[in-house]
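Data block below; observations after.
The values are calculated or read from the model by the stated rules, or taken from the named source; none is laboratory data. Here the structure is a predicted model, which is why all the values come from computation and not from measurement. All Cβ positions, even for glycine, are placed from backbone atoms using ideal geometry, and neighbour counts span all protein chains on display. Surface areas here come from the heavy atoms of the whole protein model, side chains and all, with no ligands, DNA or RNA. Shrake-Rupley method; radii C 1.70, N 1.55, O 1.52, S 1.80 Å.
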Amino acid sequence: MGGAAAALVLGSKLVLWSVYAVGIYFACKFAYEIRIYAIVNYGYVIHEFDPWFNFRATKCADARRNGKRSLAHGTAPGRLEVERPAASPDAPDVDSSSAAGSPATSPGTSTCIELGALTAECSGTWSAGVAAAAIMARCTTFYFWTRALRPDPAVADGRATKASVVFGVLCGLAYVYMVAAWGGYVFVVNMIGVHAAALCACGRYTSKLHRAYSLFYVIGTLGATRVPPVNWAPVRNLEQMGPLLAFVGMQLLEYVEVQRRARKLSVLQVQLLRAKLALPIALALVGAAALLMQFGYFGPLSARVRGLFVKHTRTGNPLVDSVAEHQPANEQADSTASTTAYSHYLHHIYHIAPYGFLLSLVRFTDANLFIVLYAGTAYFFSNKMAPHCPPCSARLVILLGPVASALGGVLLGAASSPTGVAADQLLVRPVARLGSRILRLPSPPATGAAEATAAEGAEEEEEEEDRSGKDASASAKERRKKGGKGGAKAEAALGEAWSHARALGALAMEGVELVYANPVSCLLRIALGAYAVYWCVPRGREFYDYSHQLAEGLSQPQIMFKAKTYNGQEVMVDDYREAYWWLRDKTPEDARVMAWWDYGYQITGIGERTTIADGNTWNHEHIATLGLILSGNEQKAHSIARHLADYVLVWAGGGGDDLAKSPHMARIGNSVFRDICPGDPTCSKFGFYQGGQPTPMMEECLLYKLTMHGQRGIAANESLFQHVFTSRYGKVRIFKVRRVSLKSKKWVADPANRRCDAPGSWYCVGQYPPALAPLIARRKNFAQLEDFNTKRSSEDEAYDKEYHERMSGRKGPSDGPGGGGGSKGRPGLWYLGCVGAEALLGEERTYSGGADGSTLAEARAFAKEAGSRYVALARSGMDGHAFAIPALPQGWKAGSLDDAGCSMPCLDFQAYGCGCADELCAEAGVRGEEHVRRWAIYEVVAKGKKKAKKGSPKDEM
């Protein structure tokens, strides 16, 4: 009977693991299929901007591997050299990531396997792992980290395990791979550092944790420093100081742990030794940091990291504020924006993940704490974006996707404890118990991660009892030496009471387990599990179908898109690739193309030509120089461009073209060349009036002339910029720069004028030709707000203050030196009053935003266009909210509000109030609901016409 029982137990295990394997297989299959819509619908096209850099790096790496010495075109002369050797010994080996395209090795399938393993390790059961894999994500480094912390029943007293060494090394190697392949490595190292610190703070420090973290950090950091763009950033940049401090603290804790085992120290003695060592070490670290700061050793928080903690478009860096992921949505206040974003990208997982999070809180283990911290951190950062820009929030919701999948898997697959639900507790375990009872077999033992969980709990109890016994023994000996028998008796009584309490708790748990494992209870659990399956199957189909619909929608590329002509015919607009192919086929190989930095990767990847700037240009001053050229007049722009480029490429035709980006170009340029927009850091005069009429500054600039060439009688000066190409649907125009300086071109191309970090390296800092030396001398290096290594002058402080005030709307275009004095006359509006509730504006109202909510002239034009007699405004900075109201509600009375929020000045008529919204209301001292408003209501009248009564400027409107 014993042999038959063992065979049945083994058979049941094989069946269970077969089910798990089938689940993982289908999860990987679905993950692969859902990622190929782009290929099925559009062919082999790289859709976005940034992946073109990976593509080009892969080609270089492949050429190096095959012994070729081909050259890949790069950027000039921003941060990288004009042409970089592909056979560089320091180039990151990313070809293994980019070229892996088979179903078995694609990111989709590896993602599922890695997340499934991570969830199983943290939750303690492969049921949860399979469920999470079916949802999605990618976490190799995180899995190795949590696996390194799995306890070993054979190791006691907090000593290191073999797994902590092996998987600590693997974790470090996986991290190095991530550094070379993905820019989000900073999040990974900080997430592991936070987890390690949290374990120490919770009193769960062991030598196992020390080995795992130390090996991960040492190997990972040494490997990261070998990636040229990263260099020594892990031990210099502030955003990576936390993991470094955790590493130092870990060494201190391990020294004390070694002393504890060697000298058999009590808990109190351990804490005293820690404090005794921590104080001088902390003082030494503070002193060393203060000394190193004097030499500018530490790098500041990057502006993009800082942008996660401040109001978007308020970082103080116009280049960072221009990036789409940092732009707030210019839409009506929507308190459900974040909910909409999460529901859009996560679907049903958005609703079940919180329950998985609550279940994870109940089960406290080293690995499970990681899931809890990961969920909180990812939610915080993704939530920083979602309310402000739902379309852009996908960038940071990516952080939440893996852990949301894991938490969904925890609920669906359950944890191996009585608190779990779904597959494990409602189906797998009760069926196994009933089967063993019917066949009179022993209860099925825990396996895999669940066995490790039980071992961890037993190990903790054993350590606690061992330490308590040692502490009590040591304390009793000390008290007996001092003659304190009473104290020893009291301590013994307390220890006995604690033992009784633990015994009662264990007895209660045994009682619960007896009821829980009762055959009737098992049948009820199976019935509930069957109902859960019945309920989940249709929702699972919904989730599957929705995932494919969303995947197909997200697979639409930016580089090409479908559109309809005026007669309804559907066409494929492929203008961008058409323009890049023209560069490849019709221009010399050494041609240099000037365009805004967004398109740099595509120019080099598709057009195979050198670009002046791309997304890898880490030089603010160089981007500003490009902004200076594009925002300047033709003659001035040509005098600079002839030394840098042979061709100029612009995006035209609306829909996010260069004119839409033009305000950012001027602001970035003005941050270095202050004479572009004197006294106005936001360059408010570089734009368009209502109706699309350009301002004088815009009308004269090179960008406007090139973009609008051939339309409305506008043409570029052909003696300076010769038009050579316009794409089929007018989305791209290319101009040839006339009278290019061959002397400057030869000087830049000369290898002797390149400054590389190592001989033959691909990482080279470009230099400008000598002819531009006077221009470069004029540049004022941008002093970033967060850069404490740069001494900021009073002029920098004033500029930064002015920038923030104008971006927040506390100052308008007419304020300050050079502002121009504002608009004159009357805008043709009559002030009626101010209200705080939107409902008081009536139901028949039409919404608009942007300048319509911040300037009276725009608001009046909006109301007239909507055919409305009234308009209400609530300004929120340079933009705002507006409602066109055909008729005020019956019985409406002018609002009695007259606080500071109602009087916040309009941008064009400073003497009149445009109300306030959100942060602007807070600055005015207005408090209330989350999205507080003050609506200034006006009646549209003929311009220059007055009402009969006279009053304040506000009334006279």
Of (1) surrounded by fewer than 21 Cβ atoms within 10 Å (Cβ to Cβ); (2) modelled with pLDDT of 75 or more; (3) within 22 Å of residue 682 (Cβ to Cβ), residue 358 satisfies every one except (3)
Subject >> Qualifying residue in segment 820-828 (condition: under 24 Å from residue 872 (Cβ atoms) and modelled with pLDDT of 80 or more) >> reply: yes
Result of the Cβ filter at 6 Å on segment 164-180, keeping first residues that are in the same structural domain as residue 149 (by the TED database) and touching a residue at least 12 places away in the same chain (Cβ under 8 Å) and partners that are among the basic types (Lys, Arg) and buried (at least 22 other Cβ atoms within 10 Å of the Cβ), at least 6 apart or interchain, is 164/208; 164/211; 165/211; 167/147; 168/211
The residue from 211, 236 that alone is touching a helix residue (DSSP H, G or I) at 6+ places or on another chain (Cβ under 7 Å) and basic (Lys, Arg) is 211
Inside segment 665-723, the number of residues satisfying the requirement of being in a loop (DSSP other than H, G, I, E, B), in contact (Cβ under 8 Å) with a residue 40 or more places away in the chain and among the hydroxyl-bearing types (Ser, Thr, Tyr) is 3
Residue set 160, 197; condition of a type outside the set (Val, Ile, Thr), open to solvent by 20 Å² or more (accessible area, probe 1.4 Å) and in a helix (DSSP H, G or I); output residue 197
Within segment 578-602, residues open to solvent by 40 Å² or more (accessible area, probe 1.4 Å) and part of a helix (DSSP H, G or I) come out as 578, 581, 582, 584, 585, 586, 597
Residues of segment 262-292 being under 15 Å from residue 206 (Cβ atoms) and open to solvent by 40 Å² or more (accessible area, probe 1.4 Å), in sequence order, are 267, 274
Filtering segment 627-646 down to residues that are surrounded by fewer than 23 Cβ atoms within 10 Å (Cβ to Cβ) and not small (Gly, Ala, Ser) yields 633, 634, 635, 636, 638, 640, 642, 643, 646
Of those in segment 614-625 that are touching a helix residue (DSSP H, G or I) at 6+ places or on another chain (Cβ under 7 Å) and crowded, with 24+ Cβ neighbours inside 10 Å, the residue farthest from residue 666 (Cα to Cα) is 614
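Yes or no, residue by residue, for (1) open to solvent by 40 Å² or more (accessible area, probe 1.4 Å); (2) of a type in the set (Lys, Arg); (3) outside the structural domain of residue 296 (by the TED database); (4) over 15 Å from residue 188 (Cα atoms):
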| residue | (1), (2), (3), (4) |
| --- | --- |
| 220 | no, no, no, no |
| 226 | yes, yes, no, yes |
| 232 | yes, no, no, yes |
| 239 | no, no, no, no |
| 245 | yes, no, no, yes |
| 253 | no, no, no, yes |
| 257 | no, no, no, yes |
| In this structure, does residue 614 turn out to be outside any helix (DSSP H, G or I) and more than 31 Å from the chain's Cα centre (by Cα)? | no
Of the residues in segment 529-588, those that are in contact with a Phe, Trp or Tyr (Cβ under 6 Å, 6 or more places away or on another chain) and small (Gly, Ala, Ser) come to 551, 555
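Can you tell me which residues in segment 565-577 are modelled with pLDDT of 75 or more and loosely packed, with under 13 Cβ neighbours inside 10 Å? Before you say what the answer is, go through the steps one by one.
As a first pass, look at segment 565-577 and keep what is modelled with pLDDT of 75 or more: 567-577.
Across segment 565-577, the qualifying residues are 567, 568, 569, 570, 571, 572.
Return yes or no: is residue 557 in a loop (DSSP other than H, G, I, E, B), in contact (Cβ under 8 Å) with a residue 24 or more places away in the chain and open to solvent by 60 Å² or more (accessible area, probe 1.4 Å)? Explain how you work it out, then say what you get.
Numbers: in a loop (DSSP other than H, G, I, E, B): yes; in contact (Cβ under 8 Å) with a residue 24 or more places away in the chain: yes; open to solvent by 60 Å² or more (accessible area, probe 1.4 Å): no.
For residue 557, the condition - in a loop (DSSP other than H, G, I, E, B), in contact (Cβ under 8 Å) with a residue 24 or more places away in the chain and open to solvent by 60 Å² or more (accessible area, probe 1.4 Å) - is not met.
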Residue under question is residue 754, and the condition is that it be crowded, with 16+ Cβ neighbours inside 10 Å, in contact with a Cys (Cβ under 6 Å, 6 or more places away or on another chain) and in the same structural domain as residue 640 (by the TED database); does it hold? yes
